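Worksheet for the structure shown next.
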Amino acid sequence: MQNNSLNNQLLTPHFTLLELTESRTAKKHGIDNTPSGMAVQNLKRLCLYTLEPLREELGLPVIITSGYRCKELNDKVKSHSKRSQHIEGRAADFYVGSGLTVQGSGFSRRELLIKAFREILLNPSIDFDQLILYPSFIHVSYVSREKNRRGILIGRGDGRLGYGRISLANALKIS
């Protein structure tokens, strides 16, 4: 179980530590997914330089499906990488909009995902290390302004780990 004192900690105006550390898999297996101080600082930077500016630009909720994962939790995730940036608190997986927001917007969940993907790519106030577009979610990571690679990838659509690099020009053609 997580340390309750961390649960209400606000990282940025729209993101809490709880939503970036909560995990059904951790609860199911009794794994303590409480991040270290360094991982919390990394999560703050991820929110500050990537997720919060995206949320502000879109004006829609950014729903975190996976954020920080301790090593034990990461090993339990079906399609995980042993070098996952989630372990350091440098990555999050998300989709855009709640069910009601999607219904009222006139956009499908996929269209909102593409909109968020493009916003991250084109908005100079949003920084990232890796950006991976999967069929139903986006994976984004942040290291530091000096070390971010701005890598753009497309994830496999079959649920298995894997992705391929693409150019900015090709990424902007995705619909």
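Taking Cα atoms, how many degrees apart are the long axis of helix 37-46 and the longest axis of the chain, rounded to 10 and kept between 0 and 90? Once rounded, one gets 20 degrees.
I'd like the carbon and sulfur percentage of the solvent accessible area for the chain, probe radius 1.4 Å, heavy atoms only, ligands and nucleic acids excluded.
Using a 1.4 Å probe with all protein chains present, the chain comes out at 51 percent carbon and sulfur.
Mind checking the per residue accessible area of the chain for me, 1.4 Å probe, whole number of Å²? Result: 52 Å² per residue. With R₀ fixed at 22 Å, the C-beta to C-beta distance from residue 38 to residue 8 puts the FRET efficiency at about 0.60. Taking the average, over residues, of other Cβ atoms within 10 Å as the packing measure, peptides 23-29, 136-142, 69-75 rank 136-142, 69-75, 23-29 from highest down.
Using a Förster distance of 22 Å, how high is the FRET efficiency between residue 83 and residue 166, based on the Cβ-Cβ distance and rounded to 0.05? It comes out at approximately 0.60.
Okay, helix-only estimate at 222 nm for the chain: each DSSP H run of n ≥ 4 adds -39500 (n - 2.57), divide by all residues, round to 500 deg cm²/dmol; what do you get? Present the calculation step by step, with values, prior to reporting the outcome.
Values: 9 runs with 63 residues, N = 175.
After summing the helix terms and dividing by the residues of the chain, the value is -9000 deg cm²/dmol.
Against the main long axis of the alpha-carbon atoms of the chain, helix 109-122 sits at an angle near 90°.
For the chain, the dipole from Cβ point charges (+1 on Lys and Arg, -1 on Asp and Glu) about the Cα centre works out to 580 debye, to the nearest 20. Listed by chain and number, the lysines whose C-alpha is less than 26 Å from the C-alpha of residue 71, apart from same-chain residues fewer than 8 away, are 27, 28, 44, 82, 147.
The values are calculated or read from the model by the stated rules, or taken from the named source; none is laboratory data. Predicted model only: the values in this text are computed from it and were never measured. Methodologically, a virtual Cβ is constructed for each residue, glycine included, from the backbone with ideal geometry; neighbour enumeration extends over all protein chains shown. Surface areas here come from the heavy atoms of the whole protein model, side chains and all, with no ligands, DNA or RNA. Shrake-Rupley method; radii C 1.70, N 1.55, O 1.52, S 1.80 Å.
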